[in-house]
1. Can you tell me which of (1) among the charged types (D, E, K, R); (2) surrounded by 11 or more Cβ atoms within 10 Å (Cβ to Cβ); (3) modelled with pLDDT of 85 or more is the one D55 doesn't meet?
2. Restricting attention to the stretch 8-39, and to residues there that are modelled with pLDDT under 80 and in contact with a strand residue (DSSP E or B) (Cβ under 6 Å, 6 or more places away or on another chain), which single residue is nearest to L65 (Cα to Cα)?
Amino acid sequence: MAMVERVIDGKDTILPLRITRRKPRKVSKRRTLAPVVRVRCGCCKESVSIHTEADPIGDIHQDTLEINGVLGTIDQWRKVLLPLLGVNPESKK
């Protein structure tokens, strides 16, 4: 069973996000399910699932992420998400 973590921003105006982290798990000798992070809304059942991509035999690729069914490299997701958070992606390098 995965633990549910609550993320609070210090303001009481918005309900906390609920985060569930699942470890990679073996389905069979040849197949492993990739780790998943699920972020849920604090007031409803809407959620976002974030997967690190794994091939059918279970090898996990560290350079790709799948967010709600959209597959991209880590660098592609940085270019999309960091500006939304107010972080300059070029200053990290």
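1. Going through (1) among the charged types (D, E, K, R); (2) surrounded by 11 or more Cβ atoms within 10 Å (Cβ to Cβ); (3) modelled with pLDDT of 85 or more one by one, D55 breaks only (3).
2. A34
The values are calculated or read from the model by the stated rules, or taken from the named source; none is laboratory data. Since we're looking at a predicted model, the values are computed, not measured. Because the Cβ atoms are built from the backbone with ideal geometry, glycine has one as well, and the counts that use them run over all protein chains shown.
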